[in-house]
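The values are calculated or read from the model by the stated rules, or taken from the named source; none is laboratory data. On a predicted model such as this, the values are computed, not experimentally measured, just so you know. When we count neighbours, we look across all protein chains shown, and the Cβ atoms used for this are built from the backbone with ideal geometry, even at glycine. The area values use the complete protein model at the heavy-atom level, side chains included, leaving out ligands, DNA and RNA. Shrake-Rupley method; radii C 1.70, N 1.55, O 1.52, S 1.80 Å.
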Amino acid sequence: MSYSDSMLQSQITEITLRTITEIEELAEEIISDRAQIIDFDKKRCGNRQALRETKVNPKDKQWICIGNLFLKISQKQAIEMLKSDQNLIEKEIANVHNGLKPKLKKLHELEGLPSTDGFDLKSIKVDA
């Protein structure tokens, strides 16, 4: 084996190692993003349950938990807080979803998989 063959093999090994490292890092980010989406979805579901409970059992004052603190506030304030929190969670989920699409596309390119045509389409919002 000549010196140039050895150099070529070393360069190929380095490029392969760099690519595999990049694939692993991207895969970790994707897994983390998906776990974050699941956490946000659990919070969204809890908020939805709380909103439904305040509407099914209306009271002048509602108990609400904020972190480790329980507060008794008016029903109107509780509903406003829950709706505000719900909107923030929806935005966070959308942000993570939007960031996830290019990562998945790049991962497919790095792995040599066929492109995911149509995967990055955006929905059209129709006002009714």
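Go through the stretch 69-86 residue by residue and turn each phi into a ³J(HN,Hα) via Karplus (6.51, -1.76, 1.60, θ = phi - 60°); whole Hz please, and just put x for glycine and proline.
10, 9, 10, 10, 10, 5, 4, 4, 5, 4, 5, 4, 5, 5, 5, 4, 4, 4
Using only Cα atoms, find the angle between the long axis of helix 3-56 and the longest principal axis of the chain, and express it within 0 to 90 degrees, rounded to the nearest 10.
The two axes meet at around 10 degrees.
Could you work out what % of the accessible surface of the stretch 12-59 is carbon and sulfur, using a 1.4 angstrom probe and leaving DNA, RNA and ligands out of the count?
Ligands and nucleic acids excluded, carbon and sulfur give 56 percent.
Amide H of Gln62 versus every other amide H placed in the peptide plane: which residues, excluding those fewer than 5 positions away on the same chain, fall under 5 Å?
Ile73, Ser74, Gln75
Could you size up the charge dipole of the stretch 3-110 around its Cα centre, putting +1 on the beta carbon of Lys and Arg and -1 on that of Asp and Glu, and report it in debye to the nearest 20?
The calculated dipole for the stretch 3-110 is roughly 1120 debye.
In whole Hz, what ³J(HN,Hα) sequence does the stretch 100-106 give by Karplus (6.51, -1.76, 1.60; θ = phi - 60°), x for Gly and Pro?
Calculated HN-Hα couplings, in order: 6, 4, x, 5, 5, 4, 5 Hz.
Tell me, what ³J(HN,Hα) does each residue in the stretch 93-99 have, in order and in whole Hz, if you take phi through Karplus 6.51 cos²θ - 1.76 cosθ + 1.60 with θ = phi - 60° and put x for Gly and Pro?
4, 5, 4, 5, 4, 5, x
How large is the Kirkwood hydrodynamic radius of the stretch 1-66, counting all unique pairs of alpha carbons, in Å?
One over the average 1/r among Cα pairs gives 16.8 Å for the stretch 1-66.
Send over a whole-number figure in Å² for the accessible area per residue of the stretch 1-92, probe 1.4 Å.
79
Given (i) 30, 17, 13; (ii) 46, 22, 12; (iii) 50, 18, 8, which label gives semi-axes √(5λ) of the Cα gyration tensor in Å as computed from the coordinates?
Recomputing semi-axes √(5λ) of the Cα gyration tensor in Å here gives the entry labelled (iii).
Once you compute Rg and the Kirkwood Rh from C-alpha atoms, what is the Rg to Rh ratio for the stretch 48-88?
We get a ratio of 0.93 for the stretch 48-88.
Where does each of His97, His108 land when they are ordered by accessible area, with a 1.4 Å probe and the largest first?
Largest accessible area first, the residues go His97, His108.
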